[in-house]
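We did not get these values from a lab; they are worked out from the coordinates using the rules stated. A quick note: this is a predicted structure, and the numbers were derived from the prediction, not measured. Positions of Cβ are backbone-derived with ideal geometry, glycine not excepted, and every protein chain shown enters the neighbour counts.
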Amino acid sequence: MKYAIVIPDGCADEPQASLDGLTPLQAARTPAMDRVATRGVVGRANHVPEHLPAGSDVANLSLLGYDPEANYSGRAPLEAAAQGISLGPEDWAIRCNLVTIEDQVMRDFTAGHISTEEATLLLRSAQEALVGDLPLEFVPGVSYRNLLIYRGHEQAAAFTRETRTTAPHDLTDRSVADDYPRGGGSRLLYDLMSRSVALFAQHPVNVARRNSGRLPATNIWLWGLGRTPRLEPFQQVYGCVGKMITAVDLLRGLASLIGWQRIEVPGATGYTDTDYAAKGRYAIESLPTTDLICVHVEATDEASHEGDVSAKIKALEEIDRHIVGPLLDALDAQGEFRLLVTPDHPTPLRTKTHSHGFVPFALAGAEIIADDCTTYDEINAAQSTLNFPEGWKLMRYFLHG
């Protein structure tokens with residue numbers, strides 16, 4: 001038996017007036033996803049408990065079969081694991097975005113999708129000018145997605161699970177005045193964020209960006225702090241070996257922590273310009289060497305953050321054409337299989353941010369008795385009796401139900 005999961009991140013949405021009352025999933029041409037629905041079942045799962053942040057960290061932890069109530073410890077430690085950064089018992093990882101804030105409004109949580117090279121130069125300056133004697137290290141990641149590592153120090157004890165930070169993508173076009181860090185250790189985080197403004201103002205990277213009509217990175221935004229969770233290996237819990245295809249450090253980190261091999265795909269960007277076809281090819285090529293292949297695509301979520309309905313529909317259609325369709329055909333040709341298509345959380349175009357709530361899934365394959373659904377979308381899923389209020393339990397149903 002082979003297993004495959006395709007995650008169109010944040011694709012679940014609301015009916016859109018611009019689409020005559022359809023959701024993007026309904027409006028997009030997705031014959032392969034509909035084929036999964038026709039051959040199998042459509043249902044719903046809720047991957048984010050109401051009292052936890054509606055982020056991809058909590059949601060994907062649940063989607064991969066781990067109870068977030070018991071295992072969630074923050075987003076940044078997962079991304080640290082992706083980079084092979086080991087955290088000691090008194091160490092903390094903190095997510096560090098490069099952002100554009102104008103008049104205390106979050107203009108762009110990606111600083112205009114700043115390049116990795118530019119981000120590295122800005123963070124090098126931050127390391128030299130802001131850190132001083134503190135045991136802090138700015139670690140460049142990809143584009144605007146970076147880390148700050150705090151190595152065990154008396155100040156570290158001030159950080160707690162209750163230290164409040166806000167994801168910058170939750171603040172798009174909103175005032176940030178009330179969303180700076182609060183609680184234990186927040187003074188240190190706020191001080192670094194504030195001092196980065198003057199440091200970056202006339203930095204050569206930003207001067208060049210402004211001169212070419214691009215948004216500057218006005219400052220760092222610190223959030224998502226935590227310590228590394230101790231997750232049981234996936235093979236030990238579920239009895240099979242997995243591999244992950246993604247361009248996002250969060251999913252890379254989760255894969256590492258549960259013992260999955262990560263497959264790096266050339267041209268995978270974590271944005272709407274990603275190479276969908278390459279992801280599909282690499283997924284198919286991996287089938288002989290693993291029990292389960294998981295393909296995560298960030299493009300649908302990015303389109304939602306930008307409020308771009310056309311880009312979201314296009315991303316869904318590319319995922320369908322280049323990943324779900326070819327993967328379904330390859331699975332059919334090799335023998336018994338199960339294929340699951342599901343996002344992690346909703347990301348409504350209206351709000352441009354992640355939200356709590358159920359997401360639709362379609363599941364087909366061996367021993368799955370088909371229901372009456374012939375299309376994969378939120379409306380059909382809402383009418384299904386196949387519901388997982390504790391979304392992490394969907395994994396066991398997928399593998400063994």
#### Entry: Cβ-placed point charges (K, R +1; D, E -1), dipole of region 213-347 about Cα centre in debye, nearest 20
420
### Message
Can you tell me the orientation of helix 325-334 relative to the chain, as the angle in degrees between its alpha-carbon axis and the longest Cα principal axis, to the nearest 10?
### Response
50
### Message
Assuming 0.36 nm per residue, please report the length gained on full extension of the stretch R262 to S115 beyond their Cα-Cα distance.
### Response
50.6 nm
### Query
For S175 and E336 in one chain, what is 0.36 nm times their gap in residues minus the Cα-Cα distance, to one decimal in nm?
52.8 nm
### Query
Non-local amide H neighbours of Q16 (under 5 Å, H modeled in plane, Pro and chain starts lacking H): which ones?
G21, L22, T23
### Task
Under 13 Å from the Cβ of D291, count the other residues' Cβ atoms, weight Lys and Arg +1, Asp and Glu -1, and hand me the total.
+2
### Within region 218-320, trypsin sites (Lys or Arg not before Pro) in DSSP loop having at most 11 other beta-carbon neighbours inside 10 Å
R230
### Message
Tell me whether region 297-370 comes out rounded, prolate or oblate; compute the Cα gyration tensor, take square roots of the eigenvalues as a ≥ b ≥ c, and use a/c under 1.5 as the rounded threshold.
### Response
oblate
### Query
Over what distance in Å are the Cα centres of region 46-89 and region 346-388 separated?
22
### Query
So between I369 and R29, what do we pick up on full extension, going 0.36 nm a residue minus the alpha carbon distance?
119.9 nm
### Summary
Computed over region 158-315, the Cα gyration tensor eigenvalues, each multiplied by 5 and square-rooted, give semi-axes in Å (largest first) of 34, 24, 14
### Summary
Everything considered on the Cα gyration tensor (a ≥ b ≥ c; rounded for a/c under 1.5, else prolate if a/b is larger than b/c, else oblate), the chain must be described as prolate
### Query
So how do L254, L339, L331, L199 line up by other beta-carbon neighbours within 10 Å, fewest first?
L199, L331, L339, L254
#### Entry: Nearest-20 debye value, the chain charge dipole, Cβ charges on Lys, Arg, Asp, Glu
500
#### Entry: Convex hull projection area averaged over all views, region 92-226, Cα basis, nm²
7.3
#### Entry: Positive-end residue of M33, G55, N97, charge dipole of region 1-153 with Cβ unit charges
M33
### Query
Summing Lys, Arg as +1 and Asp, Glu as -1, what charge do residues with Cβ under 9 Å from the Cβ of D9 carry, D9 excluded?
-4
### Query
Once amide H atoms are placed 1.01 Å from N in the peptide plane, what residues at a sequence separation of 5 or more from I101, or on another chain, have their amide H within under 5 Å of its amide H?
R107, T218, N219
